[in-house]
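Step one of this worksheet: look at the structure below.
The values are calculated or read from the model by the stated rules, or taken from the named source; none is laboratory data. Please read all numbers here as calculations on a predicted model, not as lab measurements. Here the Cβ is made from the backbone with ideal geometry for all residues, glycine too, and neighbour counts use every protein chain on show. Areas reflect the complete protein model, heavy atoms only, side chains present, ligands, DNA and RNA absent. Shrake-Rupley method; radii C 1.70, N 1.55, O 1.52, S 1.80 Å.
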Amino acid sequence: MMVVLLLSALMVMAYDFEVDGIYYRILPEEKQKVAVTYKEYLSEGLSSTSYLTYLNDYNGVLSIPNQVTYNDTIYTVSRIDDYAFFSCEIVYYRSVIEKIEKQENEYSITSVILPTTIESVGKNSFAYTDIESIEIPANVRFDTSSILSINAPFYGCTKLKEVIIHDNVVMAPCAFYECSVETVLLGNNVSFPKGEKFNPYPHIDPEILTCFTSPKLDIKFMDGVEVIVDEAFSEWTNIHKIQLPVSLKKIGKKAFYKLENLSEIELPEGLEVIGEEAFSYVGIQSLHIPQSVDSIGKSAFAECNSLSQINIPSNISYLGEGAFMNCNISKIEIPECMTEIPNNLFSGCKFKVFEIPDYITSIGHSVFSNCKQLEHIKFSKNLNKIGTNAFYGCTALKTLEIPENVGIIEYKAFMNCTALHTVSIPKETKIYSSAFEGCTRLQVVTIPDSLSSRTFYGCNSIKEIYINTTSANPIDDNNFTESVYDNAILYVSVGTAESFGKRRGWSNFYTIKEYDSGISVPTEVFLTIKDAAEGQVKLLLPQGCTQTLFIEPEEGWIVHSVTFNGNDVTGDLMEGNCFLVPALYADATICITYESPNNIAEEVIHGKSVKVKVQENAIHIDGMKDGETVSVYNLNGITIASAIADNGQVVLELPTNDTYIVKTLTKTVKVRL
């Protein structure tokens, strides 16, 4: 049996008339209007597969007039048809487009001037042409019936570098797919619908595409543009530069959302509104917001991880939640026009120190949450509320002194502040549940006697609790963990120990002592540094703080020993002779001694390592041979003392507040008492 496949072919002229080498199709639905179209097409069919081949002979520079005359009738040119300038073959399988292929011929337009009368542009109209630039008149609407890249009007125009689009134009999805556009100049209210990359296999998830797919794009705006519409350039990751017009008044919601490769932009004076998420996830590093800006929307600059410098305009009337969330900001000033800090405003930022000005009365929800580098916060004297999660997860925050005016500390306000050592809370402050839960290093707290639940749950390091009120209100058992009840000391006002010992919650404490609540609980400690080179320094530091001590020996000397409260910590020195002073809860002393580098050679010769250190205001020399002599001199070379080693060591008690030179057989060491 022989099966014969019949191929049918039909050549069809697409145009109604031709003038000056341009083919026109009369639009039957519109009076005296025409479309620029292709010359002809060939239709072929074979079984379930069919082919449409569009043939054109447009070539070189093409200037399309606003009007054209045919048979004494004047027609207005209002449309560019599908495939108008594109010689191609379209393959259909069971009536569904499968692929489009360019037909190789000697014809291609290199430049086109569109008439200002154009109203609409069809699919694939300029595809694979050699145009280098295109200017699209105002009020043109491209065909948006298909969101697939295969129907893009400028598909594959690899020589196209510059695009100018005037006001009120609606572009097609994926309009410039696989073009090489570098610069785009835009008018007012230009719309760019997103599209999908064509895929003949529908079971594969589609790839979402923007209007331009070239790797590096610069965007400019025409003078007179006042508004950039919502989501105008959302997720255009290929934009590297944007030049905004001086006429700009408003940047819409998500206008520049996720422009990861945009590293800089200048906002013009006269700008008034920055919309929600307008610059979220953008790669900018610094930005000056003009004083003319009156409104900054929610999350406007959120997740700009490289943004380290920005300002808040002095007369701003609206600042949205999370405007600077998770930015790289380490310093910013809050203007006097603000009385509240909005929710999430600085969450995840990089502040080490933050001073809240006295005109601020309220801190919103999660304002400083997860600011993991924040070590110190100075509160406004007029602050009355600290919001839920306000400082949640601030793992470097060490001390807190809450102002007297604070009436409310809300839920989880300081939860998981794991470096927090001391907290002082006023008598009248209401503390919500879990306010300090999980502050694992918290050791000293001064609090009122009225707590919610789980206030200090998980704070297992608490050693001292000072109650600054006298009413002994009952509390839930879960405000503290069992180890705190067993090991911490509860200090209560004179005459109230018995009352606290009978109240629910407070009675769980094994040790309750009385103190004069009129005397302030100490919040500062002295650190004394006795440096053989620099002399003695006494520093007053916040209780619970840590310090990094940089030790710089004089020329001709090296560090010999470092003791902290009499304990040898020389081995704890980091690179560059840095010593990390542990958290201080009581006065402490550090002693530093130096030795001559020649000592190292002497030790090798004599096979003995001698250690000289300061402990309890005395010089201790260890590692000597029995019977060996040690001599001590002042800085003028006069002998102050000498001794003979017994059991390998010598202890010399000398006048304090002075520097000495200690000499043994193998060591010359400078010490400070």
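Kindly provide the set of residues from segment 381-439 that are of a type in the set (Asp, Glu) and open to solvent by 30 Å² or more (accessible area, probe 1.4 Å), ordered by number.
GLU401, GLU404, GLU410, GLU428
Please go through segment 459-474 and give me each residue that is part of a loop (DSSP other than H, G, I, E, B), out of contact with any Pro (no Cβ under 7 Å at 6 or more places or on another chain) and surrounded by fewer than 20 Cβ atoms within 10 Å (Cβ to Cβ), ordered by number.
Answer for segment 459-474, where residues must be part of a loop (DSSP other than H, G, I, E, B), out of contact with any Pro (no Cβ under 7 Å at 6 or more places or on another chain) and surrounded by fewer than 20 Cβ atoms within 10 Å (Cβ to Cβ): ASN460, SER461, LYS463, THR470, SER471, ASN473, PRO474.
Can you name the condition, by its number, that THR210 falls short on among (1) modelled with pLDDT of 90 or more; (2) within 21 Å of GLU182 (Cα to Cα); (3) buried (at least 17 other Cβ atoms within 10 Å of the Cβ); (4) under 26 Å from the mean Cα position of the chain (by Cα)?
(1)
Does THR563 meet the test of being of a type in the set (S, T, N, Q), surrounded by fewer than 16 Cβ atoms within 10 Å (Cβ to Cβ) and either modelled with pLDDT of 70 or more or out of contact with any Phe, Trp or Tyr (no Cβ under 8 Å at 6 or more places or on another chain) (or both)? I'd like the intermediate steps shown before the answer.
Details: of a type in the set (S, T, N, Q): yes; surrounded by fewer than 16 Cβ atoms within 10 Å (Cβ to Cβ): no; either modelled with pLDDT of 70 or more or out of contact with any Phe, Trp or Tyr (no Cβ under 8 Å at 6 or more places or on another chain) (or both): yes.
So THR563 does not fit the description; no.
Of all residues being over 13 Å from PHE346 (Cα atoms) and assigned to a loop (DSSP other than H, G, I, E, B) in segment 363-380, which is most open to solvent (accessible area, probe 1.4 Å)? Just the residue, please.
Per the criteria, the residue is GLU375.
I'm checking my understanding of the structure. Among residues of segment 475-503 that are aliphatic (A, V, I, L, M) and either crowded, with 21+ Cβ neighbours inside 10 Å or touching a Phe, Trp or Tyr at 6+ places or on another chain (Cβ under 9 Å) (or both), which one is farthest from ASN460 (Cα to Cα)?
The initial filter retains those residues of segment 475-503 that are aliphatic (A, V, I, L, M), namely 475, 484, 488-490, 492, 494, 497.
Now restrict to residues that are either crowded, with 21+ Cβ neighbours inside 10 Å or touching a Phe, Trp or Tyr at 6+ places or on another chain (Cβ under 9 Å) (or both): 475, 484, 488-490, 492, 494.
Details: ILE475: 18, VAL484: 6, ALA488: 9, ILE489: 13, LEU490: 14, VAL492: 20, VAL494: 26 Å.
Going through the qualifying residues, I end up with VAL494.
Select from segment 109-118 the residues that are outside any strand (DSSP E or B) and surrounded by fewer than 16 Cβ atoms within 10 Å (Cβ to Cβ) and list them in ascending order.
Matches in segment 109-118: THR116 only.
Filter segment 228-250 down to the residues that are farther than 13 Å from PRO290 by Cα and either open to solvent by 70 Å² or more (accessible area, probe 1.4 Å) or assigned to a strand (DSSP E or B) (or both) and list them by number.
Within segment 228-250, ILE228, ASP230, GLU231, GLU235, ILE239, HIS240, LYS241, ILE242, GLN243 meet the criteria.
Could you look through segment 365-394, keep only residues that are modelled with pLDDT of 95 or more and among the β-branched types (Val, Ile, Thr), and pick out the one that is nearest to GLU333 (Cα to Cα)?
Here the residue is VAL367.
Does segment 252-264 include one or more residues that are open to solvent by 90 Å² or more (accessible area, probe 1.4 Å), under 19 Å from the mean Cα position of the chain (by Cα) and free of Cβ contacts under 8 Å to residues at least 24 places away in the same chain?
yes
Based on what the data block shows, is PHE221 under 24 Å from GLN285 (Cα atoms), open to solvent by 20 Å² or more (accessible area, probe 1.4 Å) and aromatic (Phe, Trp, Tyr)?
It is true that PHE221 is under 24 Å from GLN285 (Cα atoms), open to solvent by 20 Å² or more (accessible area, probe 1.4 Å) and aromatic (Phe, Trp, Tyr).
Among the residues that make up segment 447-455, is at least one of them part of a strand (DSSP E or B), touching a strand residue (DSSP E or B) at 6+ places or on another chain (Cβ under 9 Å) and open to solvent by less than 50 Å² (accessible area, probe 1.4 Å)?
yes
Matching residues to (1) aromatic (Phe, Trp, Tyr); (2) more than 41 Å from the chain's Cα centre (by Cα):
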| position | (1), (2) |
| --- | --- |
| PHE436 | yes, no |
| VAL445 | no, no |
| SER452 | no, no |
| PRO474 | no, yes |
| PHE480 | yes, no |
| ASP486 | no, yes |
| SER507 | no, yes |
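Only residues in segment 173-185 that are touching a residue at least 12 places away in the same chain (Cβ under 8 Å) and under 9 Å from PHE154 (Cβ atoms) count as the first member; pair them with residues that are open to solvent by 40 Å² or more (accessible area, probe 1.4 Å) and not in a loop (DSSP other than H, G, I, E, B), Cβ under 8 angstrom, at least 6 apart or cross-chain, and list the lot.
Pairs that qualify, where the first residue is touching a residue at least 12 places away in the same chain (Cβ under 8 Å) and under 9 Å from PHE154 (Cβ atoms) and the partner is open to solvent by 40 Å² or more (accessible area, probe 1.4 Å) and not in a loop (DSSP other than H, G, I, E, B), are VAL181/GLU162.
Take ILE150 and decide whether it is buried (at least 21 other Cβ atoms within 10 Å of the Cβ) and either of a type in the set (D, E, K, R) or touching a residue at least 40 places away in the same chain (Cβ under 8 Å) (or both).
yes
Restricting attention to segment 636-673, report how many residues are in a loop (DSSP other than H, G, I, E, B), among the charged types (D, E, K, R) and within 23 Å of SER609 (Cβ to Cβ).
The qualifying residues number 1.
Quick check on segment 631-640. Is at least one of its residues of a type in the set (Val, Ile, Thr), buried (at least 18 other Cβ atoms within 10 Å of the Cβ) and closer than 22 Å to ILE529 by Cβ?
Looking for residues that are of a type in the set (Val, Ile, Thr), buried (at least 18 other Cβ atoms within 10 Å of the Cβ) and closer than 22 Å to ILE529 by Cβ, one finds at least one in segment 631-640, hence yes.
Any chance you could count how many residues in segment 157-172 are open to solvent by less than 10 Å² (accessible area, probe 1.4 Å) and either farther than 28 Å from VAL225 by Cβ or not in a loop (DSSP other than H, G, I, E, B) (or both)?
Of the residues in that region, 2 qualify.
Out of the residues in segment 4-30 meeting the condition of being modelled with pLDDT of 85 or more and either open to solvent by 40 Å² or more (accessible area, probe 1.4 Å) or of a type in the set (S, T, N, Q) (or both), tell me which one is farthest from VAL68 (Cα to Cα).
PRO28
Please work out if PHE85 is at pLDDT 90 or above, part of a loop (DSSP other than H, G, I, E, B) and touching a Phe, Trp or Tyr at 6+ places or on another chain (Cβ under 9 Å). Steps first, answer last, please.
Values: at pLDDT 90 or above: no; part of a loop (DSSP other than H, G, I, E, B): yes; touching a Phe, Trp or Tyr at 6+ places or on another chain (Cβ under 9 Å): yes.
Criteria not met by PHE85.
I'd like to verify a number: residues in segment 282-312 that are touching a Lys or Arg at 6+ places or on another chain (Cβ under 8 Å) and buried (at least 20 other Cβ atoms within 10 Å of the Cβ), how many?
Of the residues in that region, 2 qualify.
Just to be sure before I move on: is VAL630 modelled with pLDDT of 80 or more and either among the β-branched types (Val, Ile, Thr) or more than 56 Å from the chain's Cα centre (by Cα) (or both) in the structure I sent?
yes
Quick check, is LYS220 in a strand (DSSP E or B), at pLDDT 95 or above and either closer than 20 Å to SER180 by Cα or not small (Gly, Ala, Ser) (or both)? Step through it out loud before you land on a result.
Values: in a strand (DSSP E or B): yes; at pLDDT 95 or above: yes; either closer than 20 Å to SER180 by Cα or not small (Gly, Ala, Ser) (or both): yes.
Judged against the criteria, LYS220 is a match.
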